[in-house]
Each structure stands twice: as structure tokens, then as C-alpha cells.
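Here's the structure we're looking at; comments come further down.
The values are calculated or read from the model by the stated rules, or taken from the named source; none is laboratory data. Since the model is a prediction, treat every value here as computed from it, not as a measurement. Every residue, glycine as well, gets a Cβ built from its backbone with ideal geometry; the counts of neighbours run over all protein chains shown.
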Amino acid sequence: MTALNEMQLDFVSKSENESFARVVVAAFASQLDLTLDELADIKTAVSEAVTNSIIHGYEDTSGIIRISSKLYEDRIVITVQDWGKGIEDIEKARQPLWTSKPEQERSGMGFTIMEDFMDELRVESAPGEGTIVTMVKNINKGMDTAR
Amino acid sequence: MDVNIEILNRDIIKVNLKGEIDHHATLVIKEDVDNYIEKHKLIKILFNFKDVTFMDSSGVGMIIGRYRKLQKIGGRIGVVNITPKIKRIFQMSGLFTLVSCFNNEREAIDKL
């Protein structure tokens, strides 16, 4: 199936850009007939992925984060990519409450929330090469009773 | 993110949060709350989520961090006015084993 629309956004890994990123994706996603609840799920998942890239991917350094998204009639696909330090053990990182940075008061819930709020989550990463997080949200058309 | 802190009674402070809570915002909240507790020597915090329009897992980390600080000196933390979405994030994180969720401010003053 061909995409209805596509976008790509590059920005610097500053924490100020966390809200910028999720607002841009939400505005783009709004072209689909989404419920407010679905939109809130997408914003939360994007915020988690971008925060991971800033805190873990680039740590104290600065780098580029790229968000790409494609809209289809029945779903939205969102990719968040960084070229930071990568994840050594993806399985461990995806476990609820596990964090590599407890001293920074991280909850270790990022991937768990992405997984729960979206319908699909794929994490590709290698140490020194960066991380690509791909998330899919299926759109339940005709079930729109929330607004 | 706006953080407004007031003293509710002798030993509880109410932290009124307004706007979106993400990693960036928690840096401000942590500093404001920690400074206030330090200055006034109070050990119970009630976080008021009435005007919070968004929260991700950074909010959970921020609350757990305050809990760890207060726990050592016998303090407690409560939350009030949370939306179903935020409640879900708290539940998934197991936060309600550490902090109490209240229906309103009066109940929080009585029970916290």
C-alpha cells in the first residue's frame, strides 16, 4: 500500500526539542481521523523515544535526531533514529523498570510505554552505531466515540 | 511548565504543576521542589496534576526521585487530580506502591 503522506524532521538533541518533536508528529498524525486518545498515545510514545535518544543515545554530547513518519489509511508508522552510542543489550533495555541511569532518576519505563501505547515496536541498535526505533499505531476507524 | 508551590498545613506542601511534564520539564520541577523542601524543612508533598496536559515516564522518575529523598527522613508523597492516561502510566510503573493517590485535596490533608 502506498503512503498517503510522508514527512521527515531532523533536529538537535536538546531537551527543549522533546515537546517540539511530539507536537510536530501529532500535527502530522492529525491528518488521519484519530481520536484524542490515539493522538495522546502517539505523543507519549514519540516523547519516550526522543528522550531516550537525548539521554542515552547522545548522553552529554550533541547529535542529530531524525523522525520520519508515513501515514496510511489504517495506520501511522513513526521512526525515531539517532547516531549515538547505541544499545548493548536491547532485550534488557526493553524490560520494564530497567534503566542504565538510575542516578538520573529515570524510571526505566520508556520502551514499556512505547510498546503499550502503540501497536508495534521494533528496536534496531548496535553499540557505536546508533538506534532506530520504529513504531506503528493502527487506526480504528469507525470506532471514534471519544469526541 | 509552571511550578507553583504552596504550604497546605504544617507539614504538607502542595506542588501545582501546569503544562506538559517531560524530561526537560522535570529538570525544573526537581530543582524547585528540592529547594523548597530544603528551605522549609517539610517532608510531605502533594503533587497536584489538575492543570497537567501531558506526562511521559520522566514524570514517574521525578516522583520516584523525590520519594527516595523523603523516605530517608520519614516523608511521604501523594498525587491528586490525575487523568486516566497519567494514572495508567503510574500503574504500569508500580508507582502506587510508593505514593498515595487521593480523590481530592481534603482527603490528602487527612490521610497523607
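Worth a mention:
Conditions (1) β-branched (Val, Ile, Thr); (2) more than 25 Å from B:Met55 (Cβ to Cβ); (3) surrounded by 20 or more Cβ atoms within 10 Å (Cβ to Cβ); (4) within 14 Å of another protein chain (Cβ to nearest Cβ), marked per residue:
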| position | (1), (2), (3), (4) |
| --- | --- |
| A:Asp74 | no, yes, no, no |
| A:Trp83 | no, yes, no, no |
| A:Arg106 | no, no, yes, yes |
| A:Asp119 | no, no, no, no |
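- Count of the stretch B:20-59 residues which are over 21 Å from A:Arg22 (Cβ atoms), touching a residue at least 12 places away in the same chain (Cβ under 8 Å), not in a helix (DSSP H, G or I) and not β-branched (Val, Ile, Thr): 6
- Which numbered condition B:Gln91 fails, given (1) assigned to a helix (DSSP H, G or I); (2) more than 9 Å from chain A (Cβ to nearest Cβ); (3) surrounded by 15 or more Cβ atoms within 10 Å (Cβ to Cβ): (3)
- Scanning the stretch A:1-55 for residues that are assigned to a loop (DSSP other than H, G, I, E, B) and basic (Lys, Arg) yields a single hit, A:Lys14.
- Qualifying residue in the stretch B:32-48 (condition: more than 13 Å from the chain's Cα centre (by Cα) and within 14 Å of chain A (Cβ to nearest Cβ)): no
- Of all the numbered requirements in (1) within 12 Å of another protein chain (Cβ to nearest Cβ); (2) at pLDDT 95 or above; (3) over 21 Å from A:Pro96 (Cβ atoms), B:Val3 misses one, and that requirement is (1).
- Of all residues in the stretch B:19-60, those satisfying the criterion of being modelled with pLDDT of 95 or more, more than 20 Å from A:Asp37 (Cβ to Cβ) and of a type in the set (Ser, Thr, Tyr) are B:Thr26, B:Ser58.
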